[in-house]
Structures are given as C-alpha cells and as structure tokens.
Amino acid sequence: MATGSDSTHAGAVPAGAGRAPAAPRIAAGSARAARTRALALLAAALVVIPFLFPNSYFYEVAVLVLMNAVVCLGLNLLIGYAGQISLGHAAFFALGGYGSAILAANHGWPTWLSLPVTVAAIGVLAAVVGKPTLRFKGHYLAMATLGLGVIVNLVLTNEDRLTGGPDGMSVPPLAIMGYVLSGEKLWYGIAAVVLWASVWLATNLIDSPVGRALRAVHGSEVAGETVGIVIARWKLAVFVISALLAALAGALMAHYSGFITPSKSSFLHSVELVIMVVFRGMASIWGAIVGAAVLTLLPQLLTVFKDYETMVFGGVLIATMIFFPRGIVPTLARLWSRRSGSGSKSP
Amino acid sequence: MGGAWLQFVASGLTAGAIYALIALGFSIIYNTCHAINFAQGEFVMVGGMSAVSFVAMGLPLVVAVPLAVAAAMIVGLLVERLAIEPAHGNDVVTLIIVTIGVSLFLRGLAQVVWGKGIHALPAFSGTDAITFFGATVVPQSLWVVGGTVVAVIALGLFFNRTLFGKAMQATAQNTLAARLMGIDTRVIMRVSFALAALLGALGGVLTAPITLTSAEIGVMLGLKGFAAAMLGGLGSFAGAVAGGLLLGLIEALGAGFLSSAYKDVIAFVMILVVLFFLPTGLVGARSGDRV
Amino acid sequence: MSFAQSVKRVVGTGSVAFSLALGAAGVQAQEPIRIGAFLAVTGPASFLGDPEQKTLEMLVDQMNAAGGVLGRKLQLVSYDSAGDAEKARTFTKRLIEQDKVDVIIGGSSTGETMAAVPLVEQAGVPFISLAGAVVIIEPVKKWVFKTPHTDRMACEKVFVDMKARGFTKAALISGSGGFDKSMRAECLKVAPANGIEIVADETYGAADTDMTAQLTKIKGSAAQAVLNPGFGQGPAIVTRNYRQLALPQPLYQSHGVASKEYIKLSGDAAEGVRLPAAALLVADILPANDPQKAVVTKYTQDYTARFKTDVSTFGGHAYDGFMIAVNAMKAVNSSDRAKVRDAIEATKGYVGTGGVVNMSPTDHMGLDLSAFRMLEVRNGTWTLVK
C-alpha cells in the first residue's frame, strides 16, 4: 500500500489519497528499450508456447485466454491508469459480438465488413455514452456503469426476434475474400497477433504524453486539472479505447465460437473482467495476460472441486486481495526487485 | 382501473420494503467502512435459508426466525473479521473484489450446506388474501412492511439516542477524529457488519414466505439493493429507505402500466436519469468530493 | 532332468504363456467405454443438471456392477458447465480432444447444447442432448439427438386439453429464461392451428418474486385459461399469486415444473393446476398394463433409494439418453462413434421414462404427443386426467 517508494519515478504525479495505488513506475530513460525487449519477449512466448500443446483443446483455451487478455488490456487502461471503474464492460464485449453477428446473419453482410463496422460503431456509442457517465465519480460511476451493463443485458435477453433471446444465436464464421477462417490453430495465430498489437498500442500509450496525462488523472484529478490537463477529454479517450478493445475481442470470439449468448453481457461477466484486471495488478500491462490466463483457466482447474468450486473460487479471490492487494504481478515484481536490490524493471 | 393501480402499489411497497432494508445495510457499511459490500444480498439469503433449516428441524417459527437472524449476524461478524479487516486500507476496487469474493464464497457454501433447490418458509399468519378497494395482499406482505417500519424506527433510535449509535455516526463523518476521541473504530466496523447482516436477514425471513428462497437469490437482491441505495444517496439513512421504496414502486408500476418484460430496464433507466440530474442521489450523500 | 521335472517345466511355461496371452487379451478388453457429459450441475439451471448427473452416476455404477457393457467397464467423464454456453463449448472440446469419449450425453439447457453442436458435428461424435427446445433437432443434424419432449409438443398437448374443455381464448405468462421464451414462441406459433387464440402475453424476469402486476392484467383480459411456460421458482410464485388474486380461469403449467417440488412450493395454490408430463411422475398410479410402468417404477425406486430424494423428469431424460446410447452400442457390438450413431438413429420401440422412442433419419427425438400425459394436482399430488 505504500506510495511509490523505490526507484526512478521520472516526473509522474505521486499518488493522491493514501488509498489509491501508486502510479506505475517507469525506468527513466530506458523506457523504450524496456518496451521493445518486453514486446519481443511476448512475441517469442506466443510463438513458442503452442509447441507444448498436445491437442487442439489447449488451443481452444489459449484463444480464450488471449481474447480475455485483450479485453483486460483495455479495461486496465481505464481502471489501472485512468483510475475509473467500470462494472459494465461486458456489455461492450457482448455488443461487439452481437453487432457483427446480427449484421452478418440477419442482414447478410460479409463478415470482413460487419466486424470492423461493428467495432467502430461501438466506439462511437462509447463516446456518446461515456460523456455524461464519466462525470460521475467513484461509487457513482460504478453504479452508472453497472446500470448500463444491466440494461444492455436485459435488452439482449428480451429482444429475441433480433438476438435469439436467452438461448443465443448462431454466428457465421469470419471470412475474408471468400476464405473462411476456421480451426483452432489459425485462430490462435489471429488472437496472438491481435493481442500483440494491443499490447504494443497500450505500452506506447502509457509512455506517451497522453499516457502521462492519464496517470495524472489517476493520481489526483484536481492536481492534474491545476496543471492544465483537460481531464474529461482524456477520461473519455481511455473509455473509448477500452470499449473498442472489448468490442473487438467480443466480435472475434463470437465468430470463432460460432455462437453467442446474452450471458456474455451479464453483471457476473463484467465482474470477472474487473477481477482479471485487479488480479494481475492494476497499472501493470503484463499482468493483463497473467490475470486473463489465471481466471480463464481457473474454472478448468477447479472442476476437481466439483460442488465446492464456487466456494474455492470465492476463497481464492479473498485471499489474493488480502495478500496481494496490488495484484499478483506487481507484488511479486516488487518482492523480486527488493531481493535483487535493483530498480524496477516492469512497467 | 382503480383496483389494478392499487394492486401495483401494494406489491411495489412490499418489494420496496425489502430493498429498503438491503439499502440500509449498504449505507451503514459504506459509512463506517467506506466499502461497498457486494455480499449484502447473501445476508438476505442466509437469513431466509437458515430459517428454513430451523423450521425443518422442527422449531416453531417464533424461535426459528430470531435464530436465523442471529445466525446471519454471526456470519456478518465472521465476514468482517476474516475478509474485510485484513483487506482494510486498500483502495476501492480491491475492497469491492474482496466483497465479491465473500459473496461467491457464501453462495458456494450455501449450495453445499442447503443444496441447490428452492425452499419455502411457512407464512407467519396464514395465507388467506386480504382485499381492500379491489386489491389483494397476503398477510405476509403486512408483516414485511410492518417489520421494515419497526426496523427503521429502531435503527433511528439507535443512531440518535444511544451512545454507541452516535459513535457510529461520528466514525462515519470522520474516522480519524473519531479515533482520536477514543472510539474504537474496529468495534464500530464489526458492529456495522452485524447490523447490516441483521437488516438483510430480517428482510430475508420476512419475504421468504412470499418470494421463496434459494442459494441464488442474493445476487439480484444485492444488485437492486445497491441500486436503491444509490438512488437515495449512498450513506444516507433516509435516502436508503426512500430509494428502496421508490425502486419497488417503479418496478411494479412499470410492469403494470408499461411493459412487464422491460420493468427492470425501466427501473435502471430511471435510476440513471435521477443520478444524472442529482449526482448524489435523491437525499444526497454525506461526504463531498474531498480535495 | 527327470520326466516329472520336464512336465512341470512345460506346464509351467505353458501356463505362463497362456496367462500372458489371456492377460494381453484382457488388457485389450479392459479399455473402458468413455461416456462424456457436460451438465449444469451448479448455477441457475442446477435443478436440471443435478438430477441428470446423479442419474448418470447411478446408471454407470449399476452397469459396471453387472459386468459392464460389451465386457468393458463404463467410465463417466463429466463436467459442470453451470448453464454457461461458453463453458459448455470448452468442456465439449475437452471431452472430444482430451478425454476422447465415445459418446456425449449432456447439454442441460438449449443454449449449452447449441454451443456444442458445431463441435460434435465437426468431430463426428454422437451427442444426445437433454435440453428441450425444438431447434436442437429441427433441422436435423447428423450427430445430434435428444431425449426430452420438445416445447412445441407441450404447447400442443395443453392446447388440445383446453379445446376439449371448451376454451378458445388463452393467456400466456412466461419468464425471461431460455426455456420460457422458447416455449412461448412455439405456443404462439401453434396456437391458431389448435383453435386457440392468445389474447394476452405477459412476461416476468427470471429472478422476479412478484407477478401480481402481470396477473392483474390477465385477470382483466378475455382469457378463459392461462398457460405459464416456465421453470424454476417463477411458476411457483405465479401459482401463489394466482390464488392470492383469486383468478377464475384454470391455470396450466409446463412440463418444466413437473416435479413434487413445484407442488410443495406452491402449497394449496397448486390445487387444480394441470400440466403435461412424462409418465415418470406418476409411476405409482399408472395402470398395470401401461408399457412404461415397469421402467419408471424401477428407476423411481433405484433413484430414491440411493439419493433419498424425489425423481425428476430431467433425471429421466438422462436415463433415457444413457440407455439409448448403451443399447446402441450393444446393437452394433462396438463403441465406434460412427457405428453407434447409426444405431442410435435406428432406435425403435425403446420404452423409457419419457415415452416410447422411435427414431428415424428425419426424427432424432422419436417421441410423439402420446408420450405426454396430462396431469392435474389434486390434494397435493398428481392425478391422471383421462
């Protein structure tokens, strides 16, 4: 819970009220080098890991993890860096999927068109909805986003002529120039590329002037405003970016699974996404992947507990938040750096 | 349509009373612990389900009900000691996750202990409907509304007339100052949780005869109670009650006159509209945006 | 070496060789038959998945105790999809690729089933679904079968009964769950053909606890009878509210609440309520010459003895799915996926808990309207309506 005590803290605004997590640390001067190294590492990992998969079931889970990581990345920008909370983000994910599905299945649009159009439309929607919503703060923002998420969920469930209702609807596969994209291995490749690109985008964003403005917003909105940063604009920008990422992931997942149900927009799903972000450490991009992985794999692993699955899951959450309040990755990273005595390396 | 209109109001008030109790629980915990307790709905569930168990064991309702409420209070205390206190001092999002974890844990535990089925509690005083001006209510509805009224009055007296209650108010207004004055804020927090659990469980046992109960009911109830608390103004006592009743009425009237399919949407839209114009809720929150 | 020693050596070597050969053949025969399942054991659809899981476990144990199938042990690999389509899909993949099962029985809800359909079609694994909606088998998909009656059949059964009682106008009140919505859509579709006009169509939320508003509107409509497609606690509350508001029209429920639990939860309010149900529910009052009597009675006894709880129609669907699969394997003397699929499709005259099943290449369910019995609640228990 300490405010950023160790290492190089080049120019970032210190944390405000004692409760907020410290703003992310950057190694002064070698930010770009660290970034490139990390991105290369990510690319290498993404290429190598599939060789460990014994059958296509593992590919399936991997695709799920990667797509969740993309959503988490966006949500992390919002929660971790900009300090805003959203308890309704699953709505963007689901709308991405449903939008592309409805355009393709009900109106005959080719999927290579329906997907980008849907994602762009959701970006616009996020901008429109975000402007009044982000005026709220703290718990009120939580309530507003929660309410919006619930409304989207109810509409998707009830408009069965359009959306197929609670049983969901079939989604045509993604096809480009007549070439149908199917099969776990191909989709693993697609998901990996999308994730890598998102991480590249996110890390560049963090270390740019925009990113510094974001961290100012998080640290203390008032202080930020005092030095002339127009808070509202940046908050909205981050909100839209996180919505775009969620919608993209949602649309891709829908085309991959061939099926989508309204439960994708449920409050529980939104909560799961927030947990993934917090788990891995707010303001820690690499944790995005760890968090998504852990939470996606957990149900698979918890099947051994059968009846006790929910209890164990709840218990794990509580314990993690108590012992790793800053998220697993930063806490471990801090322990590591404390031991090796050097400055922090992870962004 | 006089009878129909009155019918909607009657069912709206009954549901609203429960939302009010849950919203009060939210507000109390928010005030003293500065946390949103997403497990509030589970207190309701524990109350109802415990009562069902005690009745199944052969205890008369008169004994089962207070026992169930007491059981829920113990659960509340345990939650505070084991989950909230260790996590105290962290930021908003962390605390929210912890309470979500608690909610999941309690739900999972309930499924293991009580199974996944649905259960009914016998009505306190029979099921013969009472008619007035074309609307009918079951006697249990009167218990619900009456019980809520009594609880609200008792709570008010507690906060305003007793030393401990005033200490709680002091803690809510300024924790540091309260501690400096010698108030043990940890005890305050524990009592808050016990109190919230009591209110939730009371709601649970009062409505179980009407709404049935199962291990899963906590989720939606918690959500709606939270929405009601926000509507009235988080942290405000009167706001919680007003918010709860209003939410119940909006739901029932919306279902009756507009669309039964979309009544929940109507309710949430209204809440968002209210929050948009009155950002701190109807009655207004206690703390402003501290600089 | 003496003669005796040589004999001993020959016999010794021979018996070793013999037992090795036997052992090898035994090891081969020991390869278990894997039955995969993904069921909603926890979550909102748990009272579908829980009895289904229990039934499958019980049957596998019973079969194994009796020597297995085709001389091989049965192995049940089952996952809890908790009513979530995404999980259902992932677990189906796991069953096919990782666990390499021979047949899949599962999909407690329609959403979960439909999510798994593309996978089983692609991989070629026979899949017997335990969900209700008609879209599962219409249009027919090569590898997909189902055991429960369709929601369309339930609507038709109820409308036929309404017509017989002289009603022509009816009201619907249904929940927002998948089962509810699907059945409501089917009822709206088939009502005109059955001479029924739907004059009111109300809905409630899945977690709602008060339907007096909706019922008040129905009370004031021209409906002569009311049908409540739904399951879970919604119908129980609808029934209680129904009595509270003293609606004069007769109330019909769906096969989704065909369980003693529904009567228990609704209390006195359930008196006079009618619904279509499988014979399983009234095993004890079936006439002795009823073709299903033996099967349902035995299943009821076994299940209640082992689990100390009432049988449910959903458990019955799992029973039928399991028996059809096992019978198919016995018919072709193999667990090969394609052969078993063909044998399942050729099921004729199978007497199960849901009715008498006659499948065909165009009918992957095999039940007709007579498989449903119309029941009425009298004195807190089920009675058969003639």
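First check a/c for the protein assembly as shown, with a ≥ b ≥ c the square roots of the eigenvalues of its C-alpha gyration tensor; if it is under 1.5, answer rounded, and if not, answer prolate when a/b is larger than b/c or oblate otherwise.
Taking the square roots of the gyration eigenvalues as a ≥ b ≥ c, the protein assembly as shown is oblate.
Taking θ = phi - 60°, what integer Hz values does the Karplus form 6.51 cos²θ - 1.76 cosθ + 1.60 yield along the range C:351-363, in sequence order, with x for Gly and Pro?
9, x, 6, x, x, 9, 9, 10, 8, 7, x, 9, 10
Amide H of A:W109: which non-local residues (sequence gap of 5 or more, or other chain) have their own amide H closer than 5 Å, using H built in the peptide plane?
When sequence neighbours closer than 5 places are left aside, the close amide H contacts are A:A104.
If amide H atoms are built 1.01 Å from N in the plane of the peptide, which residues on other chains or at least 5 residues away come under 5 Å of the amide H of C:T203?
Here the answer is B:S260, B:A261, C:S174, since their amide H atoms fall under 5 Å of that of C:T203.
Dividing the convex hull volume of the Cα atoms of the range B:2-277 by its residue count, what figure in Å³ per residue is obtained?
Spelled out: Cα convex hull of the range B:2-277, divided by residues, is 135 Å³.
Residue by residue, what Karplus-based ³J(HN,Hα) values in Hz, rounded to whole numbers, does the range C:236-248 have, using 6.51, -1.76 and 1.60 with θ = phi - 60° and x for Gly and Pro?
So the J values, rounded to whole Hz, are 5, 5, 4, 4, 5, 4, 3, 5, 4, 7, 6, 5, x.
From the Cα trace of chain C, what convex hull volume per residue do you get, rounded to a whole Å³? Don't jump to the answer; show the numbers that get you there.
Numbers: hull volume 58.7 nm³, N = 386.
Given the Cα convex hull of chain C, per-residue volume reads 152 Å³.
Determine ³J(HN,Hα), in whole Hz, for all residues of the range C:151-156 in sequence, where each value follows from phi through the Karplus function 6.51 cos²θ - 1.76 cosθ + 1.60 and θ = phi - 60°; x replaces Gly and Pro.
Going residue by residue, I get 5, 4, 4, 4, 4, 4 Hz, with x marking Gly and Pro.
With the Cα gyration tensor of the range C:152-277 giving a ≥ b ≥ c as the square roots of its eigenvalues, does the rule (a/c under 1.5 for rounded; else a/b larger than b/c for prolate; else oblate) give rounded, prolate or oblate?
Details: a/c = 1.37, a/b = 1.26, b/c = 1.08.
It is rounded, given that a/c, with a ≥ b ≥ c, falls under 1.5.
How much of the DSSP bridge set in the protein assembly as shown is antiparallel, in percent, rounded to the nearest 5?
Given both bridge residues lie in the protein assembly as shown, the antiparallel proportion sits at roughly 40 percent.
Which distance in nm do the two modelled labels at C:D61 and C:I198 give, with both placed 7 Å along the Cα-to-Cβ direction?
4.3 nm
Counting alpha carbon pairs within less than 8 Å and at least 6 residues apart, what relative contact order, in whole percent, applies to the range C:152-277? Walk me through the intermediate numbers first.
Working: 223 pairs, mean separation 33.7, N = 126.
Relative contact order comes out at 27 percent.
Quick one: B:R190, A:R233, C:R341, B:R81, fewest Cβ neighbours within 10 Å first, how do they rank?
Numbers: B:R190 19, A:R233 10, C:R341 22, B:R81 14.
Ascending Cβ contact count within 10 Å gives the list A:R233, B:R81, B:R190, C:R341.
How many nm separate the modelled label positions at B:R161 and A:L39, each set 7 Å beyond the Cα in the direction of the Cβ?
Taking the simple label geometry, B:R161 and A:L39 are separated by 6.9 nm.
Tell me which cysteines of the protein assembly as shown come out unpaired when the rule is another cysteine's Cβ under 4.7 Å.
Those would be A:C72, B:C33, since no other cysteine Cβ in the protein assembly as shown comes under 4.7 Å of theirs.
Taking only C-alpha pairs under 8 Å that are 6+ residues apart, what is the relative contact order of the range B:2-277 in percent?
40 percent
Would you calculate, for chain B, the mean residue ellipticity at 222 nm contributed by helices, counting each DSSP H stretch of 4 or more residues as -39,500 (n - 2.57) and dividing by all residues, to the nearest 500?
Value at 222 nm, helices only, nearest 500: -24000 deg cm²/dmol.
Would you please name the trypsin sites (Lys or Arg not before Pro) within the range C:134-190 that are DSSP coil residues with at most 15 other C-beta atoms within 10 Å of their C-beta? Could the numbers behind the result be given before it?
Numbers: sites: C:K141, C:K142, C:K146, C:R152, C:K157, C:K163, C:R165, C:K169, C:K181, C:R184, C:K189; in loops: C:K141, C:K142, C:R165.
Passing both the DSSP loop test and the Cβ count: C:K141, C:K142, C:R165.
Counting only other chains, and only Cβ atoms inside 10 Å, what mean value do you get across the residues of A:140-146? Intermediate results must be reported in sequence, preceding the final value.
Working: counts 8, 1, 6, 12, 6, 0, 7.
Counting other chains' Cβ atoms within 10 Å and averaging over A:140-146 gives 6.
Here, each number is a calculation from the coordinates, and none is a lab measurement. If you're wondering where the values come from, they're calculated on a predicted model, not measured in any experiment. Heads up, the Cβs are rebuilt from the backbone with ideal geometry, glycines too, and the neighbour counts pull from every protein chain shown.
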